[in-house]
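Next up is a structure, given as C-alpha coordinates.
The values are calculated or read from the model by the stated rules, or taken from the named source; none is laboratory data. These numbers were taken from a predicted model, which means no experiment stands behind them. Cβ placement follows ideal geometry from the backbone for every residue including glycine, while neighbour counts extend to all protein chains displayed. Calculation scope for accessible area: heavy atoms of the full protein, side chains included, ligands and nucleic acids excluded. Shrake-Rupley method; radii C 1.70, N 1.55, O 1.52, S 1.80 Å.
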Amino acid sequence: QDIPLQDLGVTDLAGPMLFNQEGQLLASGVLAAASASTAEAAPRQLLRCSLQPPQCEPFSEVLQPRSISALAEHPLTGSLFLADAEAGQLLQLSGQGDVLGRADTTFPENPVIQIASGLLFVNSAKGPAISVLRYDEGALGQQLDEILLLPPPAIDAEQTRVWDFIRNGQQWWVTMYNPDTRDAGLYRFDDQWNYQGQVELARDYWPDELGSWGNKVLVRNARHLPLQRFNSQGATEVRLDSDLLQALANSRAQGRRLHNLAWRSALLLVGLLALGAFCLGYLLHVRSLVYRPHRERGADPVD
(Lines give C-alpha, C1' and ligand atoms only; values in the text may rest on other atoms or scores of the structure.)
Protein backbone atom coordinates (compact mmCIF):
# COMPACT_ATOMS: atom_id res chain seq x y z
CA GLN A 1 0.00 0.00 0.00
CA ASP A 2 1.14 3.53 -0.74
CA ILE A 3 -0.14 6.34 1.53
CA PRO A 4 0.75 9.94 0.55
CA LEU A 5 2.07 12.08 3.39
CA GLN A 6 -0.63 14.70 2.85
CA ASP A 7 -3.26 12.05 3.63
CA LEU A 8 -1.57 11.54 6.99
CA GLY A 9 -1.58 15.31 7.60
CA VAL A 10 2.20 15.65 7.73
CA THR A 11 4.79 17.38 5.60
CA ASP A 12 7.64 15.11 6.65
CA LEU A 13 8.03 11.72 8.28
CA ALA A 14 11.34 10.05 9.09
CA GLY A 15 12.95 7.31 11.14
CA PRO A 16 13.37 5.84 13.56
CA MET A 17 9.96 4.24 13.20
CA LEU A 18 8.15 1.40 14.94
CA PHE A 19 4.67 -0.08 15.13
CA ASN A 20 3.32 -0.34 18.66
CA GLN A 21 1.21 -3.16 20.06
CA GLU A 22 -1.95 -1.43 18.79
CA GLY A 23 -0.66 -1.31 15.22
CA GLN A 24 -0.03 2.44 15.25
CA LEU A 25 3.06 3.89 13.62
CA LEU A 26 5.38 5.94 15.85
CA ALA A 27 7.82 8.19 14.00
CA SER A 28 9.45 11.60 13.99
CA GLY A 29 7.69 14.10 11.75
CA VAL A 30 6.22 17.54 11.15
CA LEU A 31 2.47 18.12 11.16
CA ALA A 32 1.10 20.03 8.17
CA ALA A 33 -1.06 22.18 10.48
CA ALA A 34 2.03 23.21 12.46
CA SER A 35 3.89 24.15 9.28
CA ALA A 36 0.98 26.28 8.04
CA SER A 37 0.54 28.14 11.34
CA THR A 38 4.09 29.53 11.56
CA ALA A 39 6.36 31.39 9.19
CA GLU A 40 9.40 29.58 10.58
CA ALA A 41 10.25 25.93 10.05
CA ALA A 42 8.00 23.83 12.27
CA PRO A 43 9.90 21.67 14.80
CA ARG A 44 9.97 17.90 14.50
CA GLN A 45 8.17 15.89 17.13
CA LEU A 46 7.20 12.34 17.95
CA LEU A 47 3.97 11.45 16.16
CA ARG A 48 1.44 8.65 16.55
CA CYS A 49 -0.10 7.69 13.20
CA SER A 50 -3.03 5.49 12.28
CA LEU A 51 -2.93 4.15 8.73
CA GLN A 52 -6.63 3.28 8.49
CA PRO A 53 -7.94 5.94 8.28
CA PRO A 54 -4.72 7.92 7.69
CA GLN A 55 -4.15 10.40 10.51
CA CYS A 56 -1.22 11.58 12.65
CA GLU A 57 -1.20 13.36 15.99
CA PRO A 58 1.44 14.28 18.58
CA PHE A 59 2.37 11.33 20.77
CA SER A 60 2.84 13.52 23.82
CA GLU A 61 1.63 16.99 24.70
CA VAL A 62 4.21 17.40 27.49
CA LEU A 63 7.23 16.14 25.55
CA GLN A 64 9.00 19.04 23.90
CA PRO A 65 10.07 18.59 20.25
CA ARG A 66 13.49 16.96 20.26
CA SER A 67 15.91 14.85 18.32
CA ILE A 68 14.89 11.19 18.32
CA SER A 69 17.68 8.69 17.71
CA ALA A 70 16.11 5.38 18.76
CA LEU A 71 12.77 4.00 19.92
CA ALA A 72 11.73 0.84 21.73
CA GLU A 73 8.39 -0.25 23.20
CA HIS A 74 7.96 -2.52 26.20
CA PRO A 75 5.88 -5.45 24.91
CA LEU A 76 3.93 -5.85 28.19
CA THR A 77 3.42 -2.36 29.61
CA GLY A 78 3.35 -0.43 26.32
CA SER A 79 5.73 2.19 27.72
CA LEU A 80 8.09 3.78 25.24
CA PHE A 81 11.86 4.27 25.61
CA LEU A 82 13.38 7.08 23.60
CA ALA A 83 17.04 7.92 23.01
CA ASP A 84 17.84 11.60 22.48
CA ALA A 85 21.50 11.49 21.43
CA GLU A 86 21.70 15.23 20.85
CA ALA A 87 20.66 16.01 24.43
CA GLY A 88 22.31 12.87 25.85
CA GLN A 89 19.13 11.66 27.52
CA LEU A 90 17.21 8.42 27.84
CA LEU A 91 13.48 8.97 28.36
CA GLN A 92 10.65 6.67 29.37
CA LEU A 93 7.09 7.56 28.33
CA SER A 94 3.79 5.91 29.12
CA GLY A 95 1.52 4.72 26.34
CA GLN A 96 -0.48 7.94 26.84
CA GLY A 97 2.58 10.15 26.34
CA ASP A 98 3.37 11.04 29.96
CA VAL A 99 7.06 11.30 30.82
CA LEU A 100 7.83 8.63 33.43
CA GLY A 101 11.56 9.19 33.75
CA ARG A 102 14.72 10.76 32.35
CA ALA A 103 18.36 9.78 32.64
CA ASP A 104 21.57 11.32 31.30
CA THR A 105 23.32 8.83 29.01
CA THR A 106 26.13 8.92 26.47
CA PHE A 107 25.02 7.35 23.20
CA PRO A 108 27.14 6.07 20.30
CA GLU A 109 26.99 7.21 16.67
CA ASN A 110 23.96 5.04 15.89
CA PRO A 111 22.00 4.41 19.12
CA VAL A 112 19.97 1.21 19.34
CA ILE A 113 17.65 0.18 22.19
CA GLN A 114 16.43 -3.39 22.75
CA ILE A 115 14.29 -4.75 25.59
CA ALA A 116 14.73 -8.37 26.71
CA SER A 117 14.51 -10.35 29.96
CA GLY A 118 13.35 -7.32 31.92
CA LEU A 119 16.46 -5.32 30.97
CA LEU A 120 17.36 -2.52 28.61
CA PHE A 121 20.20 -3.18 26.15
CA VAL A 122 21.99 -0.26 24.44
CA ASN A 123 25.07 -0.35 22.20
CA SER A 124 28.06 1.14 24.00
CA ALA A 125 29.74 4.40 23.02
CA LYS A 126 33.05 3.31 24.55
CA GLY A 127 33.95 0.11 22.72
CA PRO A 128 32.79 -3.23 21.25
CA ALA A 129 30.16 -3.79 23.91
CA ILE A 130 26.49 -3.78 24.84
CA SER A 131 25.45 -1.84 27.94
CA VAL A 132 22.86 -3.46 30.20
CA LEU A 133 20.64 -0.87 31.91
CA ARG A 134 17.77 -0.86 34.36
CA TYR A 135 14.45 0.75 33.49
CA ASP A 136 12.37 0.21 36.62
CA GLU A 137 10.92 3.23 38.44
CA GLY A 138 13.55 5.36 40.12
CA ALA A 139 16.46 3.54 38.47
CA LEU A 140 16.10 4.40 34.80
CA GLY A 141 19.43 4.25 32.99
CA GLN A 142 21.44 2.72 35.85
CA GLN A 143 24.04 0.37 34.37
CA LEU A 144 24.12 -3.21 35.57
CA ASP A 145 26.66 -4.72 33.24
CA GLU A 146 28.78 -4.21 30.11
CA ILE A 147 28.87 -7.15 27.70
CA LEU A 148 32.15 -7.17 25.79
CA LEU A 149 31.89 -8.63 22.28
CA LEU A 150 35.10 -10.12 20.90
CA PRO A 151 34.41 -12.29 17.83
CA PRO A 152 37.77 -13.34 16.30
CA PRO A 153 36.92 -11.98 12.80
CA ALA A 154 35.91 -8.63 14.35
CA ILE A 155 39.17 -8.48 16.31
CA ASP A 156 41.19 -9.16 13.15
CA ALA A 157 39.29 -6.43 11.26
CA GLU A 158 39.53 -4.00 14.22
CA GLN A 159 35.75 -3.67 14.33
CA THR A 160 35.55 -2.02 17.72
CA ARG A 161 32.05 -0.49 17.66
CA VAL A 162 28.51 -1.88 17.60
CA TRP A 163 26.33 -0.34 14.87
CA ASP A 164 23.09 -2.33 15.27
CA PHE A 165 21.83 -5.40 17.10
CA ILE A 166 18.57 -7.33 17.48
CA ARG A 167 17.27 -10.38 19.27
CA ASN A 168 15.71 -13.11 17.15
CA GLY A 169 14.48 -16.20 18.96
CA GLN A 170 17.20 -17.26 21.38
CA GLN A 171 19.98 -15.47 19.49
CA TRP A 172 21.46 -12.02 19.24
CA TRP A 173 22.57 -10.65 15.87
CA VAL A 174 25.13 -7.83 16.05
CA THR A 175 26.65 -5.56 13.41
CA MET A 176 30.18 -4.45 14.35
CA TYR A 177 32.27 -1.98 12.38
CA ASN A 178 35.66 -0.31 12.18
CA PRO A 179 35.18 3.43 12.95
CA ASP A 180 38.18 4.35 10.77
CA THR A 181 37.69 2.21 7.65
CA ARG A 182 33.89 1.71 8.02
CA ASP A 183 34.42 -2.00 7.36
CA ALA A 184 31.56 -3.96 8.95
CA GLY A 185 30.62 -7.55 9.79
CA LEU A 186 27.51 -9.33 11.04
CA TYR A 187 27.86 -11.82 13.93
CA ARG A 188 25.59 -14.20 15.85
CA PHE A 189 25.60 -14.81 19.61
CA ASP A 190 23.50 -17.12 21.76
CA ASP A 191 21.20 -16.00 24.57
CA GLN A 192 24.18 -15.72 26.94
CA TRP A 193 26.22 -13.70 24.42
CA ASN A 194 28.53 -16.57 23.49
CA TYR A 195 29.90 -16.20 19.97
CA GLN A 196 28.22 -18.51 17.42
CA GLY A 197 29.60 -17.43 14.06
CA GLN A 198 29.83 -14.79 11.36
CA VAL A 199 27.09 -14.20 8.80
CA GLU A 200 28.28 -13.96 5.20
CA LEU A 201 26.97 -10.75 3.65
CA ALA A 202 26.90 -10.01 -0.06
CA ARG A 203 29.86 -8.16 -1.47
CA ASP A 204 29.79 -4.39 -0.87
CA TYR A 205 26.65 -4.84 1.26
CA TRP A 206 26.96 -2.60 4.34
CA PRO A 207 24.41 -3.68 7.00
CA ASP A 208 22.68 -0.38 7.75
CA GLU A 209 19.80 -1.94 9.66
CA LEU A 210 18.71 -5.33 11.04
CA GLY A 211 15.13 -6.50 11.35
CA SER A 212 13.34 -9.58 12.65
CA TRP A 213 10.70 -11.20 10.44
CA GLY A 214 9.38 -14.26 12.22
CA ASN A 215 12.37 -16.55 12.69
CA LYS A 216 14.18 -14.81 9.83
CA VAL A 217 16.54 -11.86 9.98
CA LEU A 218 16.45 -9.16 7.32
CA VAL A 219 19.40 -6.89 6.54
CA ARG A 220 18.91 -3.53 4.82
CA ASN A 221 21.46 -1.56 2.85
CA ALA A 222 20.74 1.97 1.63
CA ARG A 223 22.35 1.36 -1.77
CA HIS A 224 20.59 -1.94 -2.53
CA LEU A 225 16.83 -2.26 -2.62
CA PRO A 226 16.38 -6.04 -2.05
CA LEU A 227 16.77 -7.05 1.59
CA GLN A 228 19.11 -9.88 2.43
CA ARG A 229 17.34 -12.68 4.28
CA PHE A 230 18.91 -15.24 6.66
CA ASN A 231 17.48 -18.17 8.58
CA SER A 232 17.97 -18.71 12.31
CA GLN A 233 21.30 -20.48 11.69
CA GLY A 234 22.73 -17.59 9.67
CA ALA A 235 22.39 -19.31 6.27
CA THR A 236 21.60 -17.08 3.29
CA GLU A 237 18.12 -17.37 1.82
CA VAL A 238 16.41 -15.78 -1.19
CA ARG A 239 16.53 -12.00 -1.02
CA LEU A 240 13.32 -10.23 -0.10
CA ASP A 241 12.15 -7.97 -2.90
CA SER A 242 9.01 -5.87 -3.22
CA ASP A 243 7.34 -4.90 -6.50
CA LEU A 244 5.89 -1.77 -4.86
CA LEU A 245 9.27 -0.64 -3.49
CA GLN A 246 10.88 -1.40 -6.84
CA ALA A 247 8.26 0.67 -8.66
CA LEU A 248 8.74 3.56 -6.23
CA ALA A 249 12.51 3.33 -6.59
CA ASN A 250 12.26 3.30 -10.39
CA SER A 251 9.96 6.33 -10.31
CA ARG A 252 12.36 8.25 -8.06
CA ALA A 253 15.33 7.19 -10.18
CA GLN A 254 13.58 8.49 -13.29
CA GLY A 255 12.81 11.75 -11.50
CA ARG A 256 16.47 12.10 -10.52
CA ARG A 257 17.54 11.40 -14.12
CA LEU A 258 15.18 14.10 -15.43
CA HIS A 259 16.39 16.50 -12.75
CA ASN A 260 20.03 15.81 -13.66
CA LEU A 261 19.24 16.17 -17.37
CA ALA A 262 17.60 19.55 -16.73
CA TRP A 263 20.63 20.72 -14.74
CA ARG A 264 23.04 19.56 -17.43
CA SER A 265 20.97 21.25 -20.13
CA ALA A 266 20.94 24.47 -18.13
CA LEU A 267 24.69 24.28 -17.56
CA LEU A 268 25.27 23.58 -21.26
CA LEU A 269 23.12 26.59 -22.22
CA VAL A 270 24.99 28.81 -19.77
CA GLY A 271 28.28 27.51 -21.16
CA LEU A 272 27.22 28.27 -24.74
CA LEU A 273 26.11 31.76 -23.74
CA ALA A 274 29.43 32.34 -21.97
CA LEU A 275 31.34 31.08 -25.03
CA GLY A 276 29.28 33.33 -27.32
CA ALA A 277 29.93 36.32 -25.05
CA PHE A 278 33.67 35.56 -25.05
CA CYS A 279 33.76 35.32 -28.88
CA LEU A 280 31.83 38.57 -29.21
CA GLY A 281 34.17 40.30 -26.79
CA TYR A 282 37.22 38.97 -28.66
CA LEU A 283 35.75 40.19 -31.98
CA LEU A 284 35.20 43.67 -30.57
CA HIS A 285 38.75 43.63 -29.22
CA VAL A 286 40.16 42.77 -32.67
CA ARG A 287 38.04 45.47 -34.29
CA SER A 288 39.36 47.98 -31.79
CA LEU A 289 42.90 47.25 -32.98
CA VAL A 290 41.98 48.24 -36.57
CA TYR A 291 39.29 50.83 -36.14
CA ARG A 292 40.24 53.30 -33.48
CA PRO A 293 37.67 55.92 -32.51
CA HIS A 294 38.61 59.44 -33.72
CA ARG A 295 36.90 62.65 -32.74
CA GLU A 296 36.18 64.78 -35.80
CA ARG A 297 37.00 68.53 -35.82
CA GLY A 298 36.59 71.31 -38.29
CA ALA A 299 39.33 72.98 -40.32
CA ASP A 300 41.55 75.58 -38.72
CA PRO A 301 40.14 79.10 -39.08
CA VAL A 302 41.77 81.32 -41.75
CA ASP A 303 41.93 84.34 -39.47
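Out of the residues in the stretch 136-146 that are more than 26 Å from the chain's Cα centre (by Cα) and of a type outside the set (S, T, N, Q), which is surrounded by the fewest Cβ atoms within 10 Å (Cβ to Cβ)?
138
Examine the stretch 282-300 for a residue that is hydroxyl-bearing (Ser, Thr, Tyr) and within 30 Å of residue 146 (Cα to Cα), and state whether such a residue exists.
Within the stretch 282-300, not a single residue is hydroxyl-bearing (Ser, Thr, Tyr) and within 30 Å of residue 146 (Cα to Cα).
Ok, one more. For residue 32, are the conditions met, namely being small (Gly, Ala, Ser), in contact (Cβ under 8 Å) with a residue 24 or more places away in the chain, surrounded by 12 or more Cβ atoms within 10 Å (Cβ to Cβ) and in contact with a Gly (Cβ under 7 Å, 6 or more places away or on another chain)? Even if it seems obvious, please write down each step before you answer.
On the way: small (Gly, Ala, Ser): yes; in contact (Cβ under 8 Å) with a residue 24 or more places away in the chain: yes; surrounded by 12 or more Cβ atoms within 10 Å (Cβ to Cβ): yes; in contact with a Gly (Cβ under 7 Å, 6 or more places away or on another chain): yes.
It is true that residue 32 is small (Gly, Ala, Ser), in contact (Cβ under 8 Å) with a residue 24 or more places away in the chain, surrounded by 12 or more Cβ atoms within 10 Å (Cβ to Cβ) and in contact with a Gly (Cβ under 7 Å, 6 or more places away or on another chain).
Mind checking which residues of the stretch 66-96 are under 28 Å from residue 210 (Cβ atoms), more than 18 Å from the chain's Cα centre (by Cα) and not small (Gly, Ala, Ser)?
Passing the criteria: 73, 74, 75, 76, 77, 80, 81, 89, 90, 91, 92, 93.
Pairs, please: C-beta under 7 Å, at least 6 apart or cross-chain, first residue touching a residue at least 40 places away in the same chain (Cβ under 8 Å) and under 17 Å from residue 142 (Cα atoms) and in the stretch 83-107, second open to solvent by 60 Å² or more (accessible area, probe 1.4 Å) and assigned to a strand (DSSP E or B)?
Note: pairs meeting the criteria are 92/100.
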